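The values are calculated or read from the model by the stated rules, or taken from the named source; none is laboratory data. Quantities reported herein were computed from a predicted structural model and do not represent experimental measurements. Methodologically, a virtual Cβ is constructed for each residue, glycine included, from the backbone with ideal geometry; neighbour enumeration extends over all protein chains shown.
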Amino acid sequence: MTTTFSSLPIVDVSPLKYPDPSTKDLNSLSQRLYDVFATTGFAYLVNTPLSFNHADVFNLTESFFALPEEEKMKLAKKSFRKENSNTYRGYFPTQPELATDNLKEGFEMGPSQPINATSTTASETSRFNLAEPNIWPDPDVFPNRAKLEKLYDELQFLASSLLSLLAISLGKPADFFSPYLEDSLSTLRLLHYPILPRKSDSGLGSSPEPEVKLSCTPHTDSGILTLLHQDTTGGLEVRNSNGDWVSAPYIPESLVVNIGDLMAKVSGGRFVATMHRVRSPEWKPSYEGAGGRGRFSVPFFFEPGENCLIRAVDGDEGVVVYGVHVREKMKGFVEFRDL
C-alpha cells in the first residue's frame, strides 16, 4: 500500500542500456522496482536507454502544438469533428465547456503497425475503435512522423523491459507477461496545458491568479505502466497515504514512471496505483501579451491488447478483459466526451 512518502524515489536503470546486462544487475534492479512500486507507485527513472533527450521530445511536442488550429482540427476525433472517422487516435482540443479543471489539448498515437481488429462485445457496442490506425498531419505541415514513431517504439521496448523485471520481482519467468503484448494498444500522448485566463484585477493591487487550480483532476492510470516526459514547468503531484499531495518536480533527463490499475491487480495488490493530478500552469507577468507557453508533457501509456485477460499472478479470481476495463475508465476522461 502507499506509504507516507514526501518525495519520489530515483531509480537508475543504466543496466538496460547494455545488450547483455549481468543477471546480478537485473535482479538488483528488479528488486529496486518492486520496492518502489510497493510503497509509492511512482519513481523517476534516470540513465534510460532512449536515444531521445528531453530537448528532442519537447521540440517535437511544441512543433505539433504550434500548428494552425485548422490543421490540428483536421485530425480531431469524431467527438469534436463529426465528419472525421477516427474515434480513438488523433487530436482533441481543450474543452472549457465541459470542464474547467481538466484543460488540455492533446494528440494521441498508437503503434505504427496495424492492430488486429477484435470482435468482443465491448468493441461491437462501443463507439470507440481501439484498434484504429493512426492519423497524421500532412508531411509538408508536420514532417516529424518518423521521429514520433521511433520514440513510440523505444518507449514500448523500455516498458517491456521493465515489465520483464517486474515479472521476476513477482517470482515469475522474465517472459511471463509476453502474451500481454500481443496487439498491444499502448498510447503515446503529446499534451499541452495552456496558461489559464487570469482573474480581472480587483483594483487593490492583488496579483493576478488563474481562474482554476487544476489542469488535470485526480486519477489513477488504467494500464500497466506509464512513462512520462515532463517539462520544467512542474505541476505533477502524487498523493501519499496521509492524503497529502507531494510535488514531483522536473529532474533533468529523467522519466517519471508509475503503476497503472492493471499492474496493481496483476501483482495481487502488492503494487499500488497511486492517485495523481496536475496543477494548472501558473500565470506570470512575463506571459502578458504572449499568451504563455503553458506546460507540455508526453506520457506513454503501456497497455496490453484489447482482448488480454488480466488476472493476479497467483490466482484466477476477478479476471478482467482489458478492452472492457479501459472503456469503463474512458467514461471519466473529458477528452472522450462529446463536445
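Remarks
- Test: residue in the range 221-236 that is more than 22 Å from P93 (Cα to Cα), modelled with pLDDT under 95, in contact with a strand residue (DSSP E or B) (Cβ under 6 Å, 6 or more places away or on another chain) and among the acidic types (D, E): no
- Close pairs (6 angstrom Cβ cut-off, 6 or more residues apart or separate chains): more than 24 Å from D261 (Cβ to Cβ) in the range 1-30, in a loop (DSSP other than H, G, I, E, B) anywhere: D12/N47; S14/N47; P15/P21; L16/P49; K17/P49
- Being in contact with a helix residue (DSSP H, G or I) (Cβ under 7 Å, 6 or more places away or on another chain), under 24 Å from E237 (Cβ atoms), touching a residue at least 12 places away in the same chain (Cβ under 8 Å) and not small (G, A, S) is a description that does not apply to F65.
- Verdict on Y88 being crowded, with 16+ Cβ neighbours inside 10 Å and either at pLDDT below 95 or charged (D, E, K, R) (or both): yes
- Condition met for V257 (β-branched (V, I, T), at negative phi and within 12 Å of the chain's Cα centre (by Cα)): yes
- The number of residues in the range 247-282 that are closer than 13 Å to S7 by Cα, in contact with a Ser or Thr (Cβ under 6 Å, 6 or more places away or on another chain) and not in a loop (DSSP other than H, G, I, E, B) comes to 0.
- The residue of the range 24-57 that is surrounded by the fewest Cβ atoms within 10 Å (Cβ to Cβ), among those that are in contact with a Ser or Thr (Cβ under 9 Å, 6 or more places away or on another chain) and aromatic (F, W, Y), is Y34.
- Any hit, the range 34-57, residues being touching a strand residue (DSSP E or B) at 6+ places or on another chain (Cβ under 7 Å) and farther than 27 Å from P15 by Cα: no
- Within the range 140-157, tally of residues that are closer than 10 Å to L60 by Cβ and of a type in the set (G, A, S): 0
- Matching residues, the range 1-22, being among the hydrophobic types (A, V, I, L, M, F, W, C), closer than 21 Å to H229 by Cα and in a loop (DSSP other than H, G, I, E, B): L8, V13
- Top-ranked residue of the range 123-140 - restricted to ones that are out of contact with any Phe, Trp or Tyr (no Cβ under 9 Å at 6 or more places or on another chain) and modelled with pLDDT under 90, ranked as surrounded by the most Cβ atoms within 10 Å (Cβ to Cβ): S123
- Consider the range 311-322 and keep the residues that are modelled with pLDDT of 90 or more and not in a loop (DSSP other than H, G, I, E, B). The one that is surrounded by the most Cβ atoms within 10 Å (Cβ to Cβ) is Y322.
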